[in-house]
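Asks: Encoded as structure tokens, here's the structure I'll be asking about.
The values are calculated or read from the model by the stated rules, or taken from the named source; none is laboratory data. Given the structure is predicted, the values throughout are model-derived calculations rather than measurements. Note: ideal-geometry Cβ built from the backbone for every residue, glycine included; neighbour counts use all protein chains shown.
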Amino acid sequence: MSGPTDVRPTQPASTHPDGDASAATATAHRSPWLPPRPVIHLVWLAHRGIYRVTAGRRGLRPPTADGRFGMLRLRTRGRYSGRERSAILGYHADGPNLVTLAMNGWGDGEPAWWLNLRAHPDAVVDTKQGARPVRAREAVGEERERIWQRLHDDPAYGGNLDAYASLRSGVTAVVVLEPR
């Protein structure tokens, strides 16, 4: 039997997939609590339902001045079906760009919206300010490190972003949504 088709860069055993050895050591003893996967799934469905029932009047918000993430609706094209798909995501503004994490509720596997964007990077985001076309890409190198540190400081993670990321077996993509 052949190996996996999605080959990721290997990480040294002593380092965390999203950080360095010191981050892995610092977070090894502080595993964050998450609700069971079915509860996370129900919350996602409820959030999308609230957005739909209120015709978009509820469910989205801009990032706050204290650094807390905002909520946007991402509309992608299905990688197989070609149909419009949507997901509500947390995001931060990074200049003209919007950034988010492809974290799948801190579970393993890539979220469907990220797989769709990798196949078709052009998408539309709906924010409280309105809809805008974007092109998605993965942040790498210094840009990824800079954004990761900024997201690390989000009060929602309590300075514990590396511990949340350690719940996943692979690297969590930092996704940049650039205006088109």
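Asks: Tally up the residues in region 89-108 that are touching a residue at least 12 places away in the same chain (Cβ under 8 Å) and more than 29 Å from Ser31 (Cα to Cα), please.
Replies: 2
Asks: Residues of region 137-155 being at pLDDT below 90 and assigned to a loop (DSSP other than H, G, I, E, B), which ones?
Replies: The answer is Asp153, Asp154.
Asks: Exactly one of (1) over 18 Å from Ala165 (Cα atoms); (2) modelled with pLDDT under 80; (3) hydroxyl-bearing (Ser, Thr, Tyr); (4) in a helix (DSSP H, G or I) is unmet by Thr25. Its number?
Replies: It fails just one condition, (1).
Asks: Gly159 fails exactly one of the following numbered conditions: (1) touching a strand residue (DSSP E or B) at 6+ places or on another chain (Cβ under 7 Å); (2) part of a loop (DSSP other than H, G, I, E, B); (3) within 18 Å of Phe69 (Cα to Cα). What is the number of that condition?
Replies: Unmet for Gly159, out of (1) touching a strand residue (DSSP E or B) at 6+ places or on another chain (Cβ under 7 Å); (2) part of a loop (DSSP other than H, G, I, E, B); (3) within 18 Å of Phe69 (Cα to Cα): (1).
Asks: Can you name the number of the only condition in (1) of a type in the set (Ser, Thr, Tyr); (2) in contact with a Gly (Cβ under 7 Å, 6 or more places away or on another chain); (3) free of Cβ contacts under 8 Å to residues at least 60 places away in the same chain that Ser86 fails?
Replies: It fails just one condition, (2).
Asks: A further question on this structure: Got at least one residue in region 120-127 being surrounded by 14 or more Cβ atoms within 10 Å (Cβ to Cβ) and either among the small types (Gly, Ala, Ser) or in a helix (DSSP H, G or I) (or both)?
Replies: The answer is yes, given that some residue of region 120-127 is surrounded by 14 or more Cβ atoms within 10 Å (Cβ to Cβ) and either among the small types (Gly, Ala, Ser) or in a helix (DSSP H, G or I) (or both).
Asks: Cβ-Cβ distance below 9 Å, separation of 6 or more or different chains: which pairs start in region 156-180 with a residue that is more than 19 Å from Glu143 (Cα to Cα) and at pLDDT below 95 and end on one that is of a type in the set (Asp, Glu) and crowded, with 19+ Cβ neighbours inside 10 Å?
Replies: From residues that are more than 19 Å from Glu143 (Cα to Cα) and at pLDDT below 95, the pairs are Ser166/Asp18; Arg168/Asp18.
Asks: So if I check each of Arg137, Arg146, Arg150, Arg68, which one is within 26 Å of Gly49 (Cα to Cα), surrounded by fewer than 19 Cβ atoms within 10 Å (Cβ to Cβ) and charged (D, E, K, R)?
Replies: Arg68
Yes/no per residue for (1) aromatic (Phe, Trp, Tyr); (2) part of a loop (DSSP other than H, G, I, E, B); (3) more than 11 Å from the chain's Cα centre (by Cα):
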residue	(1), (2), (3)
Arg75	no, no, yes
Asp108	no, yes, yes
Trp113	yes, no, no
Arg135	no, no, yes
Tyr164	yes, no, yes
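Asks: Is there any pair linking a residue in region 136-151 that is of a type in the set (Phe, Trp, Tyr) to one that is modelled with pLDDT of 95 or more, with Cβ under 8 Å and at least six apart or on different chains, and which?
Replies: Matching pairs, first to second residue: Trp148/Val174.
Asks: Would you check if Asp162 is surrounded by 14 or more Cβ atoms within 10 Å (Cβ to Cβ), acidic (Asp, Glu) and in contact with a Ser or Thr (Cβ under 6 Å, 6 or more places away or on another chain)?
Replies: Here the answer is yes, as Asp162 does meet what is asked.
Asks: May I pose another question? Is at least one residue of region 91-111 closer than 20 Å to Arg52 by Cα, out of contact with any Cys (no Cβ under 7 Å at 6 or more places or on another chain) and among the aliphatic types (A, V, I, L, M)?
Replies: Scanning region 91-111, I find no residue that is closer than 20 Å to Arg52 by Cα, out of contact with any Cys (no Cβ under 7 Å at 6 or more places or on another chain) and among the aliphatic types (A, V, I, L, M), so the answer is no.
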